[in-house]
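Colleague: Structure in C-alpha cells, see below.
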Amino acid sequence: MISVIVVNWNRRELLRACLKSLESQTGFDPGAVEVIVVDNGSTDGSAEMAEREFRVVLIRNRENRGFCAANNQGIAAARGQWIALLNNDAEADPYWLRELERVFEGRPEVGMAASKILVHEDPRRIDKAGHLIYLDGQNRGRGSGEIDRGQYDRLEETLWPDGCAAMYRREMLDLIGGFDEDLFAYADDAELGLRARIAGWKCLYAPGAVVRHHRGATLGVQSARRLELIERNRVLLAAKLFPWSLLWLNGAYYLARIAAGTWASIRGQGETALYPGVRGKWTMVTALIRGDCQALRLLPRMFRKRRQIERIRKLSPRQVRELIQAHRISLREMTRQSTLS
C-alpha cells in the first residue's frame, strides 16, 4: 500500500485540485492507495471540503503545527510501506505514484524517490528536479527556473527529494525517524534527506513522476517569515548534520554567498529581485538577521541531536563531505535562482 500525506492550511481550491489529481492516479488496485489530509487549523472550510468531497483520512489540528509536525502525524497514521508527500499547492500527473514506486523495485538501498516538479503557471519551466546544496547549508532545487528540454529525463541519483512531491520507504523512516519538528517548515526535507544519506540510504530521481507546483503559495513570495525560516533552518541543518571540516568554514561560505547575492541584487537578479527598492532590501536584511538570531538560540539543541546521529551513521564525515561536494550548487547558479517554495 502507498500512503499519500497532504498537509493543508487555508488553501481550499488548491487542495481540491490536489486531491482530484490523486483521485486520478492509475496503475493501482482499489484500496492500494490511501490519502491522509492533515489540516493545520484551517479556517476557510478546506478541511470540511476534503472530508465531504473525497475519500480521505482527515486529521485535524486546532492550530498550525507546521509542515514537519503535520507530516509526522500523517506518517504515524499511515498504513503503507511507501509514504508519499504531496503539497496541497501541487497537482500530480496520473502516473506520478506509479513512477515513484517503480524506483524502489529491486533496489533495497534506495530509501527516497524524487519527482520532476514543474511550475504550474508555466509547465515548460522546471521548479525542481531533485536537490543541490551550497556549502553553507543553503539548498536549492536542481534545474530550478530552466526550460524543460529533457535535460533531466533520465533515472539518476540525486541528493534528496523535494518535500513538495516525494516518496519514502517506510522502513527507512522507522529506522532514522521522521521530520525534525524544531524546523517547523522549510529545509525540513533537506534535513531528513541528508540524515537519511548519512544513514546509508540513497535517493533516485524519477523523471516520469511529474507534478505541477504553484510556487510560493505557502507563505507568499515576499514573506519575511519565509526568509526567516529559510535562514534559520540553513544554520540548524549545518549544525546538526555537516561534518566539522565544513562546519568550521560555514561563516566564510555564508559571506561568499551574501557577497554574490549583493552583486546579483545590483543586476536585478536572484532572490533579491523579489524584494525591490530600499524597503524590500531592508525586509530581506532584517529577516536574515532574525533568522540567525533564532538559530543561535536553538544551536545547543541541534548539537545534542548531532551526537544522536552517531546511532544511525553509515557514512564517515569524509564521505558526507564528498557527498555534499558532489551535489553542490555553484554560487553563480545559486544567485540566479530564487528560493520560492
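The values are calculated or read from the model by the stated rules, or taken from the named source; none is laboratory data. On a predicted model such as this, the values are computed, not experimentally measured, just so you know. Because the Cβ atoms are built from the backbone with ideal geometry, glycine has one as well, and the counts that use them run over all protein chains shown.
Colleague: Looking for something of a type outside the set (G, A, S), modelled with pLDDT of 85 or more and part of a loop (DSSP other than H, G, I, E, B) - is there at least one such residue anywhere in segment 292-310?
Modeller: Start the filter on segment 292-310 by keeping residues that are of a type outside the set (G, A, S), which leaves 292-294, 296-310.
In the following step, the residues that additionally are modelled with pLDDT of 85 or more were identified as 292-294, 296-310.
Subsequent filtering for residues that are part of a loop (DSSP other than H, G, I, E, B) retains none.
So far as segment 292-310 goes, no, none of its residues is of a type outside the set (G, A, S), modelled with pLDDT of 85 or more and part of a loop (DSSP other than H, G, I, E, B).
Colleague: On the given criteria, is Y152 hydroxyl-bearing (S, T, Y) and farther than 18 Å from M334 by Cα?
Modeller: Values: hydroxyl-bearing (S, T, Y): yes; farther than 18 Å from M334 by Cα: yes.
In short, yes.
Colleague: Filter segment 144-174 down to the residues that are touching a residue at least 40 places away in the same chain (Cβ under 8 Å), part of a helix (DSSP H, G or I) and not basic (K, R), then identify the one that is nearest to G80 (Cα to Cα). Give the steps one after another, and end with the answer.
Modeller: Within segment 144-174, the first condition is being touching a residue at least 40 places away in the same chain (Cβ under 8 Å), and the residues that meet it are 144-145, 152-173.
If we keep only those that are part of a helix (DSSP H, G or I) too, we end up with 170-173.
Cutting the leftovers down to not basic (K, R) gives us 171-173.
Working: E171: 10, M172: 13, L173: 12 Å.
Looking at the filtered set, the residue picked out is E171.
Colleague: Which residue is surrounded by the fewest Cβ atoms within 10 Å (Cβ to Cβ), if the candidates are limited to segment 12-30 and must be over 19 Å from E51 (Cβ atoms) and in contact (Cβ under 8 Å) with a residue 12 or more places away in the chain?
Modeller: Restricting to residues being over 19 Å from E51 (Cβ atoms) and in contact (Cβ under 8 Å) with a residue 12 or more places away in the chain, the top hit is T26.
Colleague: Further question: State the number of residues belonging to segment 274-283 that are at pLDDT 70 or above and either not in a helix (DSSP H, G or I) or not polar (S, T, N, Q) (or both).
Modeller: Of the residues in segment 274-283, the ones at pLDDT 70 or above are 279-283.
Then drop every residue that is not either not in a helix (DSSP H, G or I) or not polar (S, T, N, Q) (or both), which leaves 279-282.
Going through segment 274-283 one residue at a time, the tally reaches 4.
Colleague: Over 16 Å from the mean Cα position of the chain (by Cα), touching a residue at least 40 places away in the same chain (Cβ under 8 Å) and either buried (at least 18 other Cβ atoms within 10 Å of the Cβ) or not assigned by TED's automatic domain parsing to the domain that holds L204 (or both), is that true of A78?
Modeller: Values: over 16 Å from the mean Cα position of the chain (by Cα): yes; touching a residue at least 40 places away in the same chain (Cβ under 8 Å): yes; either buried (at least 18 other Cβ atoms within 10 Å of the Cβ) or not assigned by TED's automatic domain parsing to the domain that holds L204 (or both): yes.
Yes: the conditions hold for A78.
Colleague: Tell me which of these T286 doesn't satisfy, since it passes every other one: (1) out of contact with any strand residue (DSSP E or B) (no Cβ under 8 Å at 6 or more places or on another chain); (2) β-branched (V, I, T); (3) at pLDDT 95 or above.
Modeller: Going through the list (1) out of contact with any strand residue (DSSP E or B) (no Cβ under 8 Å at 6 or more places or on another chain); (2) β-branched (V, I, T); (3) at pLDDT 95 or above, T286 breaks only (3).
Colleague: Being modelled with pLDDT under 95 and within 24 Å of the chain's Cα centre (by Cα) narrows it down to one of E322, E271, so name that one.
Modeller: On the way: E322 fails: modelled with pLDDT under 95.
Criteria check complete, one pass: E271.
Colleague: Could you tell me whether segment 197-210 includes any residue that is at pLDDT below 95, closer than 30 Å to R154 by Cβ, surrounded by 20 or more Cβ atoms within 10 Å (Cβ to Cβ) and in contact with a strand residue (DSSP E or B) (Cβ under 8 Å, 6 or more places away or on another chain)?
Modeller: If we filter segment 197-210 for residues that are at pLDDT below 95, which is where we start, we get none.
Within segment 197-210 (the criterion being at pLDDT below 95, closer than 30 Å to R154 by Cβ, surrounded by 20 or more Cβ atoms within 10 Å (Cβ to Cβ) and in contact with a strand residue (DSSP E or B) (Cβ under 8 Å, 6 or more places away or on another chain)), the answer is no, since none of the residues qualifies.
Colleague: Take Y186 and tell me if it is under 19 Å from E99 (Cβ atoms) and assigned by TED's automatic domain parsing to the domain that holds R11.
Modeller: No, not satisfied.
Colleague: Further question: Please determine, by comparing only the residues of segment 282-341 that are among the small types (G, A, S) and out of contact with any Ser or Thr (no Cβ under 9 Å at 6 or more places or on another chain), which one is nearest to D127 (Cα to Cα).
Modeller: Quick first cut of segment 282-341, residues among the small types (G, A, S) only: 287, 291, 295, 316, 326, 330, 338, 341.
Imposing the further condition that a residue be out of contact with any Ser or Thr (no Cβ under 9 Å at 6 or more places or on another chain) reduces the set to 291, 295, 316, 326, 330.
Details: G291: 25, A295: 27, S316: 32, A326: 21, S330: 17 Å.
Among residues in segment 282-341 that are among the small types (G, A, S) and out of contact with any Ser or Thr (no Cβ under 9 Å at 6 or more places or on another chain), the one nearest to D127 (Cα to Cα) is S330.
Colleague: So, restricting to helices (runs of 4 or more DSSP H) that lie completely within segment 180-251, which ones have at least 2 residues that are touching a Leu at 6+ places or on another chain (Cβ under 8 Å) and closer than 24 Å to E310 by Cα?
Modeller: Filter on segment 180-251 gives 188-198, 224-241.
Colleague: Kindly list the number of the only condition in (1) in contact with a helix residue (DSSP H, G or I) (Cβ under 6 Å, 6 or more places away or on another chain); (2) part of a helix (DSSP H, G or I); (3) among the β-branched types (V, I, T) that fails for V103.
Modeller: Evaluating V103 over (1) in contact with a helix residue (DSSP H, G or I) (Cβ under 6 Å, 6 or more places away or on another chain); (2) part of a helix (DSSP H, G or I); (3) among the β-branched types (V, I, T) leaves (1) as the failure.
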